[in-house]
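Here is the structure we will look at, set down as structure tokens.
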Protein chains: 4
Amino acid sequence: MKYGIIGYSGRMGQAIEKLFSKAGHKLVYQKDENSEKETEKPEVIIDFSLKEAFPKTVRVIEEKKVPLVIGTTGLDEDDFAKLDKLAEEVPVIQSFNFSIGINILSELIKKVNQYVDQDWDIEISETHHRFKKDKPSGTAIMLGNLLDRDIEMHSKRLGSEFGEHEVDFASTGEVLTLKHRAYSREAFTRGALLSAEAILDLKPGFYSFPEILNN
Amino acid sequence: MKYGIIGYSGRMGQAIEKLFSKAGHKLVYQKDENSEKETEKPEVIIDFSLKEAFPKTVRVIEEKKVPLVIGTTGLDEDDFAKLDKLAEEVPVIQSFNFSIGINILSELIKKVNQYVDQDWDIEISETHHRFKKDKPSGTAIMLGNLLDRDIEMHSKRLGSEFGEHEVDFASTGEVLTLKHRAYSREAFTRGALLSAEAILDLKPGFYSFPEILNN
Amino acid sequence: MKYGIIGYSGRMGQAIEKLFSKAGHKLVYQKDENSEKETEKPEVIIDFSLKEAFPKTVRVIEEKKVPLVIGTTGLDEDDFAKLDKLAEEVPVIQSFNFSIGINILSELIKKVNQYVDQDWDIEISETHHRFKKDKPSGTAIMLGNLLDRDIEMHSKRLGSEFGEHEVDFASTGEVLTLKHRAYSREAFTRGALLSAEAILDLKPGFYSFPEILNN
Amino acid sequence: MKYGIIGYSGRMGQAIEKLFSKAGHKLVYQKDENSEKETEKPEVIIDFSLKEAFPKTVRVIEEKKVPLVIGTTGLDEDDFAKLDKLAEEVPVIQSFNFSIGINILSELIKKVNQYVDQDWDIEISETHHRFKKDKPSGTAIMLGNLLDRDIEMHSKRLGSEFGEHEVDFASTGEVLTLKHRAYSREAFTRGALLSAEAILDLKPGFYSFPEILNN
């Protein structure tokens, strides 16, 4: 596959290139705040850059008419309206968390939720590196929103932990624990790769990452 | 509900009575190896006793025509044939593990199995008290059989641990862990209670515990 | 050993009798709020009852001049003054937590504290059953007080968890976790047994449980 | 501090330079299999390269008379004899595992070992990435050797786990778990940094890493 990266020099951009190269794909387009380089027309463009770059991403996709995989965080309703408009002409896959494991975890939580009633206690814990300021993490909030009640949350800030999320379901007889831990940035780039490979076969339209995972 | 217990004096029999009483149900029939006592006709009979007692259980159900919840371990094909015959006349709910959590865990493992390919490592660990001789536990084997490949198993024997099972799914970017721990015998009696309450509305037939859980 | 129990009918009293009997010791004295029974003179008296019963315990020890192992929680300064006075005539072993493991954990925390500087993050988590109201647990506070700084604490309330305490020490390269879990009330009665067996060789005086553990 | 690295281009060499630079130290000497570069005389040389390079390391230290911090694995008795000889003229700090946490863990295991008798079960588990062939890990063996008995070991090989070691101590009432996890290569480079900073004040002699940690 010939692909492009918006935010090529950033940490996610570099990690994406590393994994995509290993998978045999060819980088033909790269863009940063003040530079742009194209050797061939890309078949898909990947953007995990910042919200600030989003207007430029929209323009690039409009011009090139190329499928888009986008993991930029902080997009708002206006931004989604723009993605919807792009999706009329090309396939767009969007998620705030492209980790395959976190998306499987979401499916599992929804499944457990069917079995457990109010007599089960549910709590969520997350651990991230000491520099992460927001508590609880956006992912913990997303997981909590899958459940039909207010959930007690615990946030540890320890060392250089890349990201751990745990959901406990307990009755008076037993406890069921679902836990996800990212080893590295590759947790997220693998989801981007899977999406980029899938997008080539998709019709124009807006797709969430779980839709891709679930085929 | 008016209920009876076969194996009333055993540890599971005692634990069943304790939970069922707390739930407002009335013990009207109790049976042990050398004793039997009936004050009223039971609406359901619970048997978590030993394989050796199984022929007598069959006779009791044949005579009384009462629904049966049975958690006796070690039943073989002949025994299941007898249960099938009973099930022509009364509803029968059978499982080797009536823990709600272990049965939810089984459903989750089947779900994860749909998402992960050969590039994910899977291993199963279980911990039980020091007196448990068999390794790995029957439940670990049952969980492993839900997956499409041979699974490496680890068995710890520690103190008086009541029973912990863990399944790890790992790619090079992340690890997803599903873990279940029983706090006490109540993990199993709660499944029996749920089954006994459900059986009153069932037609004759043979039912597995997951069928009850899934409604 | 011939021993007595104050608070014989309570859950801790019953658990103490069970373990002490198994170890071959003989119950010769038992006392509850409204009853008292003595068949022989005890060599040691164990009290894990309530603060309200403490004045009576003092009178019993004054009269009988028998060594005392006391795990009653909530004792205040006045109470300790009375224990000190008893300790002039008999050996007294006192602790708010007679679990051997928690006391080993305390020693380990003090040891780690020698190695880690301010560049290590430290957090404490504890999990107890849903009915435990106070957060964090008294034991978590006691563990936190062993460290030279304010410690972030997390309290989960899940199912019927008997009691789990975890201390995490993390630098940017690694994380060291010390965790203790009680399987049952026996975690505490074993410390009482060890103390009762040790007290027979002690001179009058006030002893903490760690002193006994450390010989 | 002015320092040198043997095995500069390797992954550990690069990780060492990164951390030492961040700490304000100055790289003045670097050596690889076929290259060598010196801008100033180093005050200490760090070697985390391969056993094959060891003879050259010995020659470099003999010539320069510079303190040595060495974490090369697989050194044998002959190699240690050579280190002893170097240690007559310069301070040498050697360890097979420069992780601070693993060395603290070793101290803790020795401490717990004083408290627990044969009635406690002890098992060791370790988890490493899927490419690690040897089971159990060298570090797990080292930890097991600190205990006075044969220890059951469990080895998981999962994803890209950097290295996790766990020791469980359990009686019938409770379980105490000591666990260490490396987040990254920095777990080891931090120990090298601490050693390099300490070595400037040491007299000639052979030192183990725990001696440095314990001052």
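Nothing in this text is a laboratory measurement; each read-out follows from the coordinates by a stated rule. For clarity, every value in this text was computed on a predicted model and none was experimentally measured. All Cβ positions, glycine included, derive from the backbone under ideal geometry; neighbour counts span all protein chains shown.
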Fill in the blank from the handout: Inter-copy distances for residue D:34, label 7 Å out on the Cα-Cβ vector, sorted ascending, nm, one decimal, are 3.9, 8.9, 9.5
Completion exercise
For region C:1-155, the percent of all C-alpha pairs falling in each 5 Å bin, from 0 up to the bin holding the max distance, is 2, 8, 15, 17, 16, 13, 11, 9, 5, 2, 1, 0, 0
Completion exercise
For residue D:36 and residue C:9, extending 7 Å from Cα along the Cα-Cβ vector and measuring point to point gives, in nm, a value of 8.7 nm
Handout entry: Inverse mean reciprocal Cα-Cα distance (Kirkwood Rh) of region C:1-66, Å
Key = 11.7 Å
Fill in the blank from the handout: For the protein assembly as shown, Rg(Cα) over 2.2 N^0.38 Å is 1.10
Completion exercise
Here FRET efficiency (C-beta to C-beta, residue D:211 to residue A:114, R₀ 60 Å, nearest 0.05) is 0.55
Practice task
Just the number, please: percent antiparallel of the DSSP beta bridges in region B:1-70, rounded to the nearest 5.
Solution key: 25 percent
Handout entry: Dipole of region A:100-181, positive end: most advanced residue of A:142, A:114, A:175 [Cβ charges, Cα centre]
Key = A:142
Handout entry: Degrees separating the helix C:11-22 axis from the principal Cα axis of chain C, which is the longest one
Key = 70 degrees
Fill in the blank from the handout: Sorted largest first, the Cα spans of region B:124-172 on the principal axes come out in Å as 33, 22, 13
Exercise for the section: On a 0 to 90° scale, report how tilted helix D:77-86 is relative to the longest principal axis of chain D, with both axes built from alpha carbons and the result rounded to the nearest 10. Expected result: 50 degrees
Fill in the blank from the handout: Shielding of D:182-193 by other chains, given as the mean Cβ count within 10 Å, works out to 4
Problem - Label spacing, shortest first and in nm, from residue D:134 to its equivalents in the remaining copies (7 angstrom along Cα→Cβ) - result: 3.7, 4.4, 5.0
Fill in the blank from the handout: If labels are modelled 7 Å from Cα along the Cβ direction, residue C:211 lies from its partners in the other copies at nm distances, smallest first, of 3.7, 6.6, 7.2
Fill in the blank from the handout: Each label sits 7 Å from Cα toward the beta-carbon; between residue C:148 and residue B:201 the label points are separated, in nm, by 6.4 nm
Exercise for the section: State the residue of chain B whose Cβ is nearest the axis carrying B onto D, and the distance in whole angstrom. Expected result: B:154, 2
Handout entry: Mean projected area (nm²) of the alpha-carbon convex hull when region D:85-141 is viewed from all directions
Key = 6.6 nm²
Fill in the blank from the handout: Length-normalised contact order of chain A, Cα under 8 Å, at least 6 apart, in percent, tallies to 22 percent
Completion exercise
Between the Cα axis of helix B:54-64 and the main Cα principal axis of chain B, the angle (0 to 90°, nearest 10) is 50 degrees
Practice task
Return the lysines within reach of residue D:37: Cα separation strictly under 29 angstrom, same-chain partners fewer than 8 residues apart disregarded; answer none if there are no such residues.
Solution key: D:2, D:18, D:22, D:26, D:51, D:56, D:64, D:65, D:82, D:85, D:203
Fill in the blank from the handout: Per residue convex hull volume, Cα only, region D:100-181, in Å³ is 87 Å³
Exercise for the section: May I ask you to give the average projected area over all directions of the convex hull of the Cα atoms of region B:47-121, in nm² rounded to one decimal? Expected result: 6.7 nm²
Problem - Cβ-derived FRET efficiency at R0 51 Å, residue D:141 paired with residue A:75, nearest 0.05 - result: 0.50
